[in-house]
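Presented below is the structure to which this report refers.
Just so you know, all these numbers are worked out from the coordinates, no wet-lab data involved. Owing to the predicted nature of the structure, the values given are computational and were not obtained by experimental measurement.
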Amino acid sequence: MGKSLISNHIRKLRFNQDEMTQQQLADKVGVTRQTIVALEQGKYSPSLELAFRIARAFKLPLEDVFFIEDEQV
């Protein structure tokens, strides 16, 4: 069975929200800009709490921001 990875639509959503910067999103959810960069690049999976804060910042359900991507092994 393959490993599951959490992916997201954060970059696309930022641009759809008046081209919100990484820093603006970071400030809204209480993390550093580097954390947002790592999330967008798939190098970091957020805690459940952070995932909800990000979804709330976009006024979207969690599933519209984050999704599970199965890695084929």
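In whole Hz, with x marking every Gly and Pro, tabulate ³J(HN,Hα) for region 5-20 from phi via Karplus 6.51 cos²θ - 1.76 cosθ + 1.60, θ = phi - 60°.
Computed from phi, the couplings for region 5-20 are 10, 8, 10, 8, 10, 4, 4, 4, 5, 4, 5, 6, 9, 6, 6, 4 Hz.
Grab every C-alpha pair in the chain, bin the distances at 10 angstrom width from 0 up to the longest one, and report whole percents.
Percent of Cα pairs in each bin: 20, 56, 19, 5, 0.
Provide the per-residue ³J(HN,Hα) series for region 59-69, in order, calculated from phi with Karplus coefficients 6.51, -1.76, 1.60 and θ = phi - 60°, each as a whole number of Hz, with x at glycine and proline positions.
For region 59-69, the Karplus curve yields 6, 10, x, 3, 5, 7, 9, 10, 8, 9, 10 Hz.
Calculate, in nm to one decimal, what L48 and S7 gain on full extension: separation in residues at 0.36 nm each, minus their alpha carbon distance.
Here the answer is 13.4 nm.
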